[in-house]
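Working notes for the structure below.
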Amino acid sequence: MKLVEEIAGFAPEIATLRREIHAHPELCYEEHRTAELVATQLAGWGIEVSRGLGGTGVVGTIRAGTSKRSIGLRADMDALPMTEHNGFEHRSSTPGRMHACGHDGHVAMLLAAARHLASHRNFDGVVHLIFQPAEEGGAGARKMIEDGLFRQFPCDAVFGVHNWPGLPVGEFAVAPGPVMASSNEFQIVITGKGGHAAAPHLAVDPVLVACQLVMALQTIVTRNKKPIESAVLSVTQIHTGETSNVIPDTAAIEGTVRTFSLEALDVIEQRMREIAAGLPPVFGATAEFSFHRNYPPTINHERESLFAREVLAEMIGADAVQVCEPTMGSEDFSYMLLERPGSYVLIGNGDGEHRASGHGEGPCTLHNPNYDFNDDLIPLGASFWVRLVEKFLSQPA
């Protein structure tokens, strides 16, 4: 394993910063303290700092040589609205907020790389360090792009890294193509005619219509989508009624749709609209359908993904570079990959044995109240960032 020795030397200092961020989690677009910490560290290392992009976003820029080639490295900063169950010293100090997805560690790895890159500048070109707000449902990547991220900070390619529990420490995973699915929400509000449950013939029962709709919606994935394409349509909520002897006036259905392609998503949304419009009238009811597209699918570009694999193979050995299996989770780095070529890379976070005494009794998985980032990843992730930059900016335009 060819880590950057200097980074391994100062990694404990960066780990202290990581734990400081973990102890003070901030939700999407509220990352003021975290952004200030990031900006202060970058400026202290002589890095150009731009603040306020996407609200609380920070971009650090490092230049060397004369080449105009450029690369973007992205880390997300926000926490989740959940209560931490860990009891160790750096646990969340704010009830109802927690770094349960490792964004504190993503910031730490990029800060460690920034420190080394700024002091050595062993490359020819420009590096943009993108510290992004609001990945957890706030579409911070889109907001930064709308605010001019790639106009102000041009990038020939952009890369992101996310820790992955279950993948052993010392291993990475990356592959071209879909990595994460699109995230979408829907709601169908059915209006019938309420009445006494003992006289259903005098009412139009929206509960019955809701049940029929749920079953009909499942036929879309099995009969309208191409069998070779993956997709999920899950009804997760049905809200209706107040008491057992009353047929209600309305029933609401809510759920999520996940796909790896926009084409499949278009087909599913269209069929959902048709079913929601056509089925309720058969029973004498009506329905209002709404569909919200949150994040598009995260699709890695082939050239940049193969390049990342090459860099990793040189650093840790080809056997430690796995092919990542696509997941139905979602990620707003997808917006950056729609704008620029790039790749989203996974770094192994282990199985939770790294956690300090006082951790919760549950597993160390993402979005779990017992999770904690593994600080052993800091020199690994930062070394990857440095090797990626040096190799990418040594190539001809």
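Only the coordinates and a few stated rules stand behind these numbers; no lab work does. Model, not experiment: these values are computed from the prediction. Ideal geometry is used to build each Cβ from the backbone, glycine not excepted, and the neighbour counts take in all protein chains shown.
Report, in whole Å, the centroid distance computed from the Cα atoms of segment 213-243 and segment 320-360.
28 Å
Work out the charge dipole of the chain with +1 on the Cβ of Lys and Arg and -1 on the Cβ of Asp and Glu about the Cα centre, then indicate which of Gln41, Phe131, Cys28 is farthest towards its positive end.
Phe131
In the chain, which whole DSSP H runs stretch at least 24 Å along their own axis (Cα) and average -0.5 or higher on the Kyte-Doolittle scale?
Values: long enough: 5-23 (28 Å, -0.08); 103-120 (26 Å, 0.25); 206-223 (25 Å, 1.46); 262-282 (31 Å, 0.29).
In the chain, the long hydrophobic H runs are 5-23, 103-120, 206-223, 262-282.
How big is the Kirkwood radius of the chain, worked out from every pair of different alpha carbons and given in Å to one decimal?
Values: mean 1/r = 0.0440 Å⁻¹.
By the Kirkwood definition, the hydrodynamic radius is 22.7 Å.
Treating the beta-carbon of each Lys and Arg as +1 and of each Asp and Glu as -1, no other charges, what is the dipole magnitude of the chain about its Cα centre, to the nearest 20 debye?
Values: 30 positive and 48 negative charges, 173 e Å.
Dipole about the Cα centre, nearest 20: 840 debye.
Is the shape of segment 314-376 best called rounded, prolate or oblate, per the rule: a/c under 1.5 gives rounded, else a/b larger than b/c gives prolate, else oblate, with a ≥ b ≥ c the square roots of the Cα gyration tensor eigenvalues? Please list the in-between numbers first.
Numbers: a/c = 2.60, a/b = 1.50, b/c = 1.74.
Here segment 314-376 falls in the oblate category.
Hey, if you put +1 on the Cβ of every Lys and Arg and -1 on every Asp and Glu Cβ in segment 183-295, which of Ala198, Phe291, Ile228 ends up farthest toward the positive end of that dipole?
In segment 183-295, that residue is Ile228.
Sorting Phe88, Phe384, Phe373 on the 10 Å Cβ count, fewest up front, what's the list? Intermediate results must be reported in sequence, preceding the final value.
Numbers: Phe88 16, Phe384 26, Phe373 29.
The order, fewest Cβ neighbours first, is Phe88, Phe384, Phe373.
When Ile220, Ile190 are ordered from fewest to most other Cβ atoms inside 10 Å of their Cβ, what list results? Mind showing how you got there, number by number?
Details: Ile220 20, Ile190 30.
Least to most surrounded, the residues fall as Ile220, Ile190.
If you put +1 on each Lys and Arg Cβ and -1 on each Asp and Glu Cβ, how big is the dipole of segment 193-325 around its Cα centre, in Debye rounded to 20? Working shown, then result.
Numbers: 10 positive and 16 negative charges, 89 e Å.
Here segment 193-325 has a charge dipole of around 420 debye.
For each of Lys225, Lys391, count neighbouring Cβ atoms within 10 Å of the residue's Cβ, then give the residues from fewest to most.
In order of increasing Cβ crowding within 10 Å: Lys391, Lys225.
Compute the relative contact order of segment 33-137 as a whole-number percentage, counting only Cα pairs closer than 8 Å that sit 6 or more residues apart in sequence. Let's see the in-between values first.
Details: 184 pairs, mean separation 42.7, N = 105.
After rounding, I find 41 percent.
Calculated FRET efficiency, Ser67 and Glu185, Cβ-Cβ r, R0 45 Å, to nearest 0.05? Show your work: numbers first, answer last.
Values: r = 44 Å, r/R0 = 0.98.
That gives a FRET efficiency of 0.55.
If the cut-off is 18 Å between C-alpha atoms, which lysines fall inside it for Lys2, apart from same-chain ones fewer than 8 positions away?
Those lysines meeting the cut-off are Lys391.
Just to confirm my numbers, what's the Cα centroid distance between segment 22-79 and segment 283-309 in Å?
27 Å
Assuming a ≥ b ≥ c are the square roots of the Cα gyration tensor eigenvalues, decide whether segment 260-390 counts as rounded (a/c under 1.5), prolate (otherwise, with a/b larger than b/c) or oblate.
Working: a/c = 3.62, a/b = 1.71, b/c = 2.11.
Taking the square roots of the gyration eigenvalues as a ≥ b ≥ c, segment 260-390 is oblate.
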